[in-house]
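Student: Following this message is one structure expressed as structure tokens.
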Amino acid sequence: MLATPLTERFGLRHPIVQAPMGGVAGPELATAVSAAGALGMLTAGPNDEPGKVERDAARMTERFAIGTLAWRLDEEPEILDAAIAAQPIAIAISAGQIVPHAARVVEAGIPLFAQVSTADGARCAVAAGADFVVAQGTDAGGHTGAVPTLPLLEAVLPAVDVPVLAAGGIASGRGLAGVLAMGCAGAWIGTRFFASREALGDDARKQRIVEARENDTVHTRVFDIAQGLAWPAEFPGRALRDDFTARWHGHEDELPAEGYAGGHVYAGAAAGAIDDVPPAGELVERIAAEAEACLRATPASGAQTRP
Ligand SMILES: Cc1cc2nc3c(=O)[nH]c(=O)nc-3n(C[C@H](O)[C@H](O)[C@H](O)COP(=O)(O)O)c2cc1C
């Protein structure tokens with residue numbers, strides 16, 4: 001077993017958090033992940049309202065956390081009321097100004113994860129009471145900042161004195177072992193869990209993740225503009241390239257405000273390492289076992305410590 005400040009705080013068997021994913025991570029996925037000994041999260045996503053949070057939470061039979069978006073809480077603070085009332089074991093706030101909302105989570109006595117994309121963002125989140133910082137690199141699927149995961153961890157790990165989780169680009173036990181070796185308390189994994197049986201979303205989308213290579217994603221605002229979503233401009237979404245991005249990415253000014261038919265797949269660069277759609281619980285066990293083996297064995301690179 002891999003014990004870290006994350007597993008010890010929440011009594012988990014594995015230092016793995018299934019990331020919130022709008023339209024993808026619902027009660028089935030969170031239940032399967034938590035039942036396997038990791039932390040499953042529900043999502044209050046860009047299109048979700050407080051009632052959806054209540055309905056999802058009412059379906060949970062395992063422990064769960066809830067992931068919210070700062071810019072949605074600015075628009076509709078009742079989403080955070082619903083999340084607090086659902087009594088999750090933790091609440092996450094991502095994408096935007098975390099500070100104005102953090103105090104309410106802290107006052108409710110609920111552990112707070114803050115998903116950040118810079119070291120300054122991490123320092124602010126800790127000053128506002130975050131118990132864990134989630135350093136989300138631009139490699140991540142979905143909406144994300146500009147700094148890749150590795151240099152972001154290089155900046156965030158020495159900047160804060162709370163446990164740090166790594167998000168963005170982790171799809172296997174190799175990745176988990178790598179960030180644990182750097183000093184992280186765990187991995188916050190999205191795209192890999194999208195390609196699991198319990199994730200929402202049709203099989204065709206999951207299949208596109210399976211088929212994608214590591215250079216098949218694009219960091220783009222075109223889907224937000226096309227859908228009229230108020231995502232802050234500093235967080236474009238990482239998605240699989242498709243005909244729509246080929247036509248409009250880089251030509252956002254000409255993008256029509258209406259008539260978008262949907263069908264995009266938000267996914268991170270780790271899609272290149274994903275080649276199956278197993279049950280999520282099996283994935284948790286697989287990633288954890290592989291990470292343990294990696295950390296125990298001589299690294300594949302051949303690096304060895306010598307006296
Ligand atoms: C399809 C999809 C939807 C996402 N939606 C959200 C969301 O609603 N809220 C949020 O905080 N993060 C969201 N994310 C980002 C994840 O929380 C996480 O940072 C990311 O998936 C980690 O990188 P990875 O995909 O490489 O594992 C989403 C990611 C994906 C792939």
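Student: In region 1-16, how many are of a type in the set (Lys, Arg) and outside any helix (DSSP H, G or I)? Walk me through how you get there before you give the answer.
Tutor: Looking only at region 1-16, we keep the residues that are of a type in the set (Lys, Arg), and these are 9, 13.
In the following step, the residues that additionally are outside any helix (DSSP H, G or I) were identified as 13.
Total meeting the criteria: 1.
Student: Would you please name the residue that is nearest to the ligand (Cβ to nearest atom), looking only at residues in region 195-211 that are surrounded by fewer than 23 Cβ atoms within 10 Å (Cβ to Cβ) and not charged (D, E, K, R)?
Tutor: It comes out as Gly201.
Quick grid of which residues meet (1) aliphatic (A, V, I, L, M); (2) at pLDDT below 90; (3) loosely packed, with under 13 Cβ neighbours inside 10 Å:
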{"site": "Phe223", "(1), (2), (3)": "no, no, no"}
{"site": "Ala270", "(1), (2), (3)": "yes, no, no"}
{"site": "Glu285", "(1), (2), (3)": "no, no, no"}
{"site": "Pro307", "(1), (2), (3)": "no, yes, yes"}
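Student: Filter region 128-151 for residues that are among the aliphatic types (A, V, I, L, M) and in contact with a helix residue (DSSP H, G or I) (Cβ under 8 Å, 6 or more places away or on another chain); which is farthest from the ligand (Cβ to nearest atom)?
Tutor: First, pick out the residues of region 128-151 that are among the aliphatic types (A, V, I, L, M): 128, 130, 133-135, 140, 146-147, 150.
From the residues that got through so far, the ones that are in contact with a helix residue (DSSP H, G or I) (Cβ under 8 Å, 6 or more places away or on another chain) too are 128, 130, 133, 135, 140, 147.
On the way: Ala128: 17, Ala130: 14, Val133: 13, Ala135: 10, Ala140: 3, Val147: 13 Å.
By that ranking, first place goes to Ala128.
Student: Which numbered condition trips up Leu240, out of (1) in contact (Cβ under 8 Å) with a residue 60 or more places away in the chain; (2) within 14 Å of the ligand (Cβ to nearest atom)?
Tutor: Of the numbered conditions (1) in contact (Cβ under 8 Å) with a residue 60 or more places away in the chain; (2) within 14 Å of the ligand (Cβ to nearest atom), the odd one out for Leu240 is (1).
Student: Can you tell me how many residues within region 182-207 are touching a Leu at 6+ places or on another chain (Cβ under 7 Å) and either more than 19 Å from Gly281 (Cβ to Cβ) or not aromatic (Phe, Trp, Tyr) (or both)? Walk me through it before giving the result.
Tutor: Our first condition is that a residue be touching a Leu at 6+ places or on another chain (Cβ under 7 Å); within region 182-207, this holds for 182-188, 192-193, 196, 198-199.
Now narrow it down to the ones that are either more than 19 Å from Gly281 (Cβ to Cβ) or not aromatic (Phe, Trp, Tyr) (or both): 182-187, 192, 196, 198-199.
The number of residues fulfilling the criteria is 10.
Student: Let me confirm something: among Arg174, Arg192, Arg123, which residue is in contact (Cβ under 8 Å) with a residue 24 or more places away in the chain, away from the ligand (no atom under 16 Å from the Cβ) and not assigned by TED's automatic domain parsing to the domain that holds His219? Explain how you work it out, then say what you get.
Tutor: Numbers: Arg174 fails: away from the ligand (no atom under 16 Å from the Cβ); Arg192 fails: away from the ligand (no atom under 16 Å from the Cβ).
Every option except Arg123 fails the conditions.
Student: Could you pull out the residue among Val126, Val116 that is within 17 Å of the chain's Cα centre (by Cα) and under 19 Å from Val147 (Cβ atoms)? Lay out the reasoning, then the answer.
Tutor: On the way: Val126 fails: within 17 Å of the chain's Cα centre (by Cα).
Every option except Val116 fails the conditions.
Student: OK, next. Looking at the structure I just gave you, is Asp81 within 20 Å of the chain's Cα centre (by Cα), away from the ligand (no atom under 12 Å from the Cβ) and in the same structural domain as Ile98 (by TED's automatic domain parsing)? Steps first, answer last, please.
Tutor: Details: within 20 Å of the chain's Cα centre (by Cα): no; away from the ligand (no atom under 12 Å from the Cβ): yes; in the same structural domain as Ile98 (by TED's automatic domain parsing): yes.
It is false that Asp81 is within 20 Å of the chain's Cα centre (by Cα), away from the ligand (no atom under 12 Å from the Cβ) and in the same structural domain as Ile98 (by TED's automatic domain parsing).
Student: Next question. Considering only region 24-72, state which residues are within 13 Å of the ligand (Cβ to nearest atom), among the β-branched types (Val, Ile, Thr) and surrounded by fewer than 21 Cβ atoms within 10 Å (Cβ to Cβ).
Tutor: Within region 24-72, no residue meets the criteria.
Student: Starting from region 207-221, take each residue that is in the same structural domain as Gly250 (by TED's automatic domain parsing) and in contact (Cβ under 8 Å) with a residue 60 or more places away in the chain and list its partners that are part of a helix (DSSP H, G or I) and surrounded by fewer than 17 Cβ atoms within 10 Å (Cβ to Cβ), counting only C-beta distances under 9 angstrom and pairs at least six apart or across chains.
Tutor: none
The values are calculated or read from the model by the stated rules, or taken from the named source; none is laboratory data. Every value quoted in this text rests on a predicted model; they were computed, and no experiment measured them. In this analysis, Cβ positions are derived from the backbone assuming ideal geometry, glycine residues included, and neighbour counts consider all displayed protein chains.
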